[in-house]
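Taken together, the values in this text are just the output of simple stated rules run on the coordinates, not laboratory data. Computed from a prediction, not measured in an experiment: that's the story for all the values here. Ideal geometry is used to build each Cβ from the backbone, glycine not excepted, and the neighbour counts take in all protein chains shown.
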Amino acid sequence: VLTGSTGKLGQNLVKGFIENNYSLILISRNANKTLDLFKDYKEHITVIQADLSSRGDIKRACDLIKKNKRNIFGLVNNAAVDIDQNMLDVSSDDFQYLLNVNLYAPYYLCKYLIPLFIENEEGVIVNVSSNLSMRSTANATEYTISKAGLDSLTRSIAVQYGPLGLRANSINISGMRGFTLKVNEILSSRNPKDVAYDDWKISQDKIPLRRRGAFSEFVDTIIFLCSDKASYINGVNLPVDGGSLSQI
Ligand SMILES: NC(=O)c1ccc[n+]([C@@H]2O[C@H](COP(=O)([O-])OP(=O)(O)OC[C@H]3O[C@@H](n4cnc5c(N)ncnc54)[C@H](OP(=O)(O)O)[C@@H]3O)[C@@H](O)[C@H]2O)c1
């Protein structure tokens, strides 16, 4: 089960998982957009419509998954929003919305799907976090709070459900750069600046590896964490950031 599939990393994740023979349930707030985006992969995906800011939608999506007795074994919480404003200018509604999508949605998806994992005797959760959960930058207060909470949720689940064979880890991203899948389509219809994404929150000369991370480097890590190759990795908040967190 994957959230945020229509986003930059999400599109690359869908492609990566399918190339590695996974089938995916995509929870998306715009089912038509998602089906259209992934029309080439339609035999590998099921789309469930849900706005992740709505607890009712999340419950309905999970009930649907349970009703179909899906033999699911994994959840990747990838959807998120950002605000990019000084905290003094952020409205309480915007803060609440961000928390709903970035923190409460992963919490409730875990809460509703973990019983299914327990029933299936198999379960792995990967939360897509940021290294901003452990450092900070200007105009990111609400986002960093949400990601710090997500890291904590990850560790808590790892400890609580490890004894039942479930694993939970987060990937703490920074320095991402690359193209979305629909490059040509976007090129013809939108500002070329939207086509190539470049993490503007960290400059390249602040990254020890002195380069950006390609989408594939984050996607491969997430697929690895979901796989049996990572069977003894549990409760980790893993920075995948070219070493920037290690640098003062
Ligand atoms: N971009 C970076 O440099 C960076 C750095 C560190 C960590 N991360 C983390 O990596 C993950 C992916 O980032 P990204 O840059 O690929 O994100 P993105 O391109 O902004 O995409 C966000 C995704 O979340 C979905 N979403 C947002 N609000 C939603 C809601 N209310 N209900 C359902 N879906 C909702 C969006 O759906 P719609 O298409 O419907 O809007 C979209 O699929 C996030 O968790 C982010 O925090 C990113």
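Which FRET efficiency value, to the nearest 0.05, is calculated for Asp40 and Arg177 with the Förster distance at 25 angstrom and r the Cβ-Cβ distance? Walk me through the intermediate numbers first.
Values: r = 24 Å, r/R0 = 0.97.
After rounding to 0.05, the efficiency reads 0.55.
Once you have a ≥ b ≥ c as the square roots of the Cα gyration tensor eigenvalues for segment 53-105, tell me rounded if a/c is under 1.5, and otherwise prolate or oblate according to whether a/b is larger than b/c.
Values: a/c = 5.86, a/b = 2.54, b/c = 2.31.
Cα axes put segment 53-105 in the prolate bin.
Let's see if you can work this out: charge +1 on each Lys and Arg Cβ, -1 on each Asp and Glu Cβ, no other charges. What is the dipole magnitude of segment 1-160 about its Cα centre, in debye to the nearest 20? Write out the running numbers ahead of the final one.
Numbers: 17 positive and 17 negative charges, 87 e Å.
In total the dipole reaches around 420 debye.
Based on DSSP loop calls and a cut-off of at most 13 other Cβ atoms within 10 Å, the longest stretch of the chain free of exposed trypsin sites (Lys or Arg not before Pro) is what?
Details: sites that count: Lys69, Arg190, Arg210, Arg211.
Answer - 70-189.
Which entries in the list Lys67/Lys229; Lys111/Lys147; Lys42/Lys66; Lys69/Lys147 go over 27 Å, if you measure between the two C-alpha atoms of each? Please list the in-between numbers first.
On the way: Lys67/Lys229 30 Å; Lys111/Lys147 18 Å; Lys42/Lys66 21 Å; Lys69/Lys147 31 Å.
Listed pairs above 27 Å: Lys67/Lys229; Lys69/Lys147.
Kindly provide the Kirkwood hydrodynamic radius of segment 1-112 in Å, to one decimal, from all pairs of distinct alpha carbon atoms. The partial results should precede the final answer.
On the way: mean 1/r = 0.0682 Å⁻¹.
Every distinct Cα pair counted, the radius reaches 14.7 Å.
Select from Ser146, Ser28, Ser216 the residue whose mean-square fluctuation is largest in a Gaussian network model of the chain (Cα-Cα springs shorter than 10 Å).
Ser216
Would you be so kind as to identify which of Ser156, Ala61, Ser136 lies farthest towards the positive end of the dipole of the chain, taking Lys and Arg as +1 and Asp and Glu as -1 on Cβ and the Cα centre as origin?
Result: Ala61, furthest along the dipole toward the positive end.
Provide the percentage of antiparallel DSSP beta bridges, counting only those with both residues in the chain; round to the nearest 5.
Details: 3 of 29 bridges.
Around 10 percent of the beta bridges assigned by DSSP in the chain are antiparallel ones.
Evaluate the distance, in nm, between pseudo-label points positioned 7 Å from the Cα of Arg60 and of Gln96 along their respective Cα→Cβ axes.
Those two pseudo-labels are separated by 2.0 nm.
With springs only between Cα atoms under 10 Å apart, run a GNM on the chain and tell me which of Asn120, Asn100, Asn78 wobbles the most.
Of the options given, Asn120 has the highest mean-square fluctuation.
Could you give me D for segment 100-164, from Stokes-Einstein at 25 °C and 0.890 mPa s, where the hydrodynamic radius is the Kirkwood radius over C-alpha pairs? Units µm² s⁻¹, please.
On the way: Rh = 12.6 Å.
D = 194 µm²/s.
Any idea what Rg and Dmax come out to for the chain if you just take the C-alpha atoms, in Å?
In order Rg, Dmax, the Cα atoms of the chain give 17.4, 52 Å.
With each label point set 7 Å from Cα along the Cα-Cβ vector, what nm distance links Asn120 and Phe224?
A separation of 2.4 nm, rounded to one decimal place.
Give the order of Ser92, Ser227, Ser53, Ser174 when sorted by the count of other beta carbons within 10 angstrom, beginning with the fewest. Present the calculation step by step, with values, prior to reporting the outcome.
On the way: Ser92 7, Ser227 13, Ser53 19, Ser174 24.
The most exposed by this proxy come first: Ser92, Ser227, Ser53, Ser174.
When a footprinting reagent is the concern and you count Cβ atoms within 10 Å, what order do Met134, Met87 take, fewest first? Display every interim value, and only then the final one.
Numbers: Met134 16, Met87 13.
Listing Met134, Met87 from fewest to most nearby Cβ atoms yields Met87, Met134.
Between Asn234, Asn71, Asn12, find the one with the highest GNM mean-square fluctuation for the chain; connect C-alpha pairs within less than 10 Å.
Of Asn234, Asn71, Asn12, the most mobile in the Gaussian network model is Asn71.
Please work out whether segment 22-83 counts as rounded, prolate or oblate from its C-alpha gyration tensor, where a ≥ b ≥ c are the square roots of the eigenvalues and a/c under 1.5 means rounded, while otherwise a/b larger than b/c means prolate and anything else oblate? Spell out each step's value before the answer.
Details: a/c = 1.59, a/b = 1.08, b/c = 1.47.
Oblate shape, in that a/c is at least 1.5 and b/c is the bigger or equal ratio.
With unit charges on the beta carbon (Lys/Arg positive, Asp/Glu negative), name the residue among Ser231, Ser203, Gly213 whose Cα is farthest towards the positive pole of the charge dipole of segment 192-248.
It is Ser203.
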